[in-house]
Amino acid sequence: MSPHLIDPPLRRPLKIFALDPMRSRGAPGGLSVDIANEVGLQPGPCGERVRVVDYDGVQKRFYEPVDLDDPAILMQGGLDPTESDPRFHQQMVYAVTMRTLENFDRALGRKITFRGDKLLLVPHAFVGPNAFFEPNLKAVCFGYFPADTERPGENIPGQPIFTCLSHDIIAHEVTHALVHRMRQRFGERTNPDVLAFHEAFSDIVAIFQHFSFPSVLRDAIRKSRGNLRRRTDLVDLAAQFGHATGRGESLRTAITKPDPQLYLSTTESHARGSILVAAVFAGFFAAYQRRVEDLMRLATGGSGVLPRGELSPDLVDRLAREAAASAQSTLTMCIRAFEYLPPVDVTFGDFLRALVTADHDLQAEAGAVERNMMVDAFRERGIYATGVGSLAEAALCWPPAPDIPLMPTEFIRQQVLSDANQLDRYARATQGAAAGALSGWAKQNAEVLGLDPTEKIDPDGFHATFRVAQTGELRVEVVAQFVQDRRDDVPELRGMPLRGGATVVASADGRVRFVIAKPLDDRERVDRQLGYVRRLDAGDPAAPWAKKDEQPKLSGQMLRLLHGAARS
């Protein structure tokens with residue numbers, strides 16, 4: 001073997017549009033993002049976790065798949081951004097998806113996979129101003145459509161608009177896929193927060209990934225003079241899409257005024273989700289201001305008032321650096337909270353408690369100020385957690401688990417070793433010895449886990465996490481989810497299941513640290529779900545059972561092709 005062999009690079013630069021084609025004008029070549037280099041990446045691109053299948057459902061044809069390992073493409077860091085070449089569209093959805101997956105991997109301390117399948121990305125699935133995640137196919141389908149002829153905004157009337165060229169739409173829909181992957185029952189309408197959480201979390205990921213684009217971030221800081229609460233491209237979502245559909249503005253924004261009454265009165269999932277997005281962004285902004293206090297004092301001579309004219313490039317760079325670090329910290333905190341969420345019936349209050357618990361558990365001292373600012377931002381918008389006596393951090397954290405017998409230690413040891421070796425396993429504990437070990441343990445300890453011992457207990461997931469604590473030591477933990485349902489005892493739900501469940505967080509030696517439960521026999525929760533279903537019935541009797549969106553229907557031919565791609 002030659003002593004001069006060179007290992008493949010760990011990272012791969014790829015060009016994308018900065019946010020979307022409309023917002024990238026004047027920036028030739030778009031921007032380059034850095035993603036993990038997959039050795040052996042196939043044309044498509046098709047890698048370990050993601051496969052791009054570019055079948056045009058309208059033209060009924062496959063587009064030539066891009067080969068990102070082609071030397072000519074490798075030499076220039078990927079194809080140049082263009083709206084006219086489907087191969088660049090494929091590159092764009094792949095790059096943004098991989099960047100999104102990496103944010104989840106880093107925050108969760110494990111590699112998210114799709115249970116033996118690859119996530120399919122279909123850049124030109126249909127004609128229509130929409131994009132969506134299709135759970136049965138494990139596919140994200142993107143539409144394309146002509147811009148509004150009367151109010152096209154900054155677009156040409158009637159020009160083709162490709163949702164697969166919007167960073168925000170790609171990141172949003174891929175996050176839908178990831179949320180479904182980790183909490184499949186967060187798609188059930190058990191309370192007004194559930195679908196809103198889906199939308200809000202997807203927007204949060206898309207917005208905070210903006211801060212990883214240096215040119216976009218510096219430009220926004222320069223234009224806003226460091227005030228990130230001003231409306232800029234940085235805090236708006238899907239600008240081209242919003243203009244092209246005649247809205248005259250971006251689809252959504254993270255900047256809204258705090259109004260506690262909105263949370264009490266708003267029910268539409270996107271609008272309600274915007275309240276949660278605004279709360280998280282306000283918490284981030286307060287943390288960012290705290291980080292740059294010293295810089296602003298130096299820049300203003302202690303007055304706090306910046307001089308007129310352009311900001312110093314050095315100041316812009318320093319502010320951008322702090323904003324990027326604070327945004328990444330906020331995004332990581334939000335994603336990490338998933339390990340501390342119940343498996344069913346999520347509320348915004350549950351998310352607040354999970355945020356605080358997850359961050360406190362890993363960095364009790366370092367993140368205290370940031371957590372308090374997040375709690376204040378939620379309070380200003382009327383979002384409170386149930387079952388707590390105050391807004392103190394000690395009250396908001398999920399309580400430590402009571403004394404519970406150890407989880408099956410041999411099973412845990414095997415799972416931890418497996419995950420440590422492969423870092424891509426998510427054992428859905430529904431078969432064989434794994435299911436038996438977990439089910440038996442949960443059955444024996446049902447009452448203390450908040451489960452009903454008379455009902456079937458289904459293990460719904462089990463995985464290990466590997467994270468570095470504030471002290472610098474590696475923390476290895478395991479997270480298990482248990483779910484049970486009851487249909488017959490609540491006739492008012494007309495067949496809609498009442499679900500309960502628990503998320504169990506344990507140390508690697510089997511010691512249970514947290515139990516986040518949603519008991520079946522919680523009368524307050526049952527009454528709340530009944531009241532919500534009655535309100536939905538009053539407006540639309542099919543609403544509790546309808547899909548969350550009116551999604552375009554895919555052709556039978558396309559479904560067969562995509563099913564084939566999923567199996568291959």
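The values are calculated or read from the model by the stated rules, or taken from the named source; none is laboratory data. As the structure is a computational prediction, the values presented were derived from the model and not from experiment. Reconstructed Cβ throughout: ideal geometry from the backbone, glycine too, with neighbour counts over all protein chains shown. We work out accessible area using only protein heavy atoms, side chains counted, and drop any ligands, DNA or RNA first. Shrake-Rupley method; radii C 1.70, N 1.55, O 1.52, S 1.80 Å.
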Give the shape of region 1-106 as rounded, prolate or oblate, defined through the alpha-carbon gyration tensor: a ≥ b ≥ c are the square roots of its eigenvalues, a/c under 1.5 means rounded, and otherwise the shape is prolate if a/b is larger than b/c and oblate if not. prolate
Based on the mean of other beta carbon atoms within 10 Å per residue, what is the order of 124-135, 58-69, most packed first? 124-135, 58-69
Accessible carbon and sulfur surface of the chain relative to its total accessible area, %, 1.4 Å: 52
How would Lys257, Lys138 line up by accessible area, probe 1.4 Å, largest first? Lys257, Lys138
Surface accessible to a 1.4 Å probe, His198 within the full protein complex, Å²: 10
Between Arg252 and residues 5 or more places away or on another chain, which pairs have amide H atoms under 5 Å apart, with H built 1.01 Å from N, and which residues are they? Leu237
Round to a whole angstrom and tell me the spacing of the C-alpha centers of region 68-144 and region 365-393. 36
Beta carbons within 10 angstrom, averaged per residue: use that to sort the peptides 73-84, 367-378, highest first. 367-378, 73-84
From phi via Karplus (6.51, -1.76, 1.60), per-residue ³J(HN,Hα) for region 327-338 in Hz, x at Gly/Pro: 5, 5, 5, 5, 4, 4, 4, 5, 5, 4, 4, 4
If each K or R counts +1 and each D or E counts -1, the residues other than Gly78 whose Cβ falls under 12 Å of its Cβ total -3
Classified through the alpha carbon gyration tensor (a ≥ b ≥ c as square roots of its eigenvalues; rounded if a/c is under 1.5, else prolate when a/b is larger than b/c, else oblate), the chain comes out rounded
Would you mind checking which residues have amide H under 5 Å from Ile161's amide H? H placed 1.01 Å from N; only 5 or more apart, or other chain. Phe145, Ala147
Region 74-200: C-alpha gyration tensor shape, a/c 1.5 cut-off, then a/b vs b/c: oblate
Within the chain, the percent of DSSP beta bridges that are antiparallel, given to the nearest 5, stands at 85
Quick one: order Arg51, Arg183 from most to least accessible surface, probe 1.4 Å. Arg51, Arg183
Could you run the Karplus curve 6.51 cos²θ - 1.76 cosθ + 1.60 with θ = phi - 60° over region 108-124 and give me ³J(HN,Hα) per residue in whole Hz, x for Gly and Pro? 8, x, 6, 9, 7, 10, 10, 6, x, 10, 9, 6, 7, 10, 10, x, 10
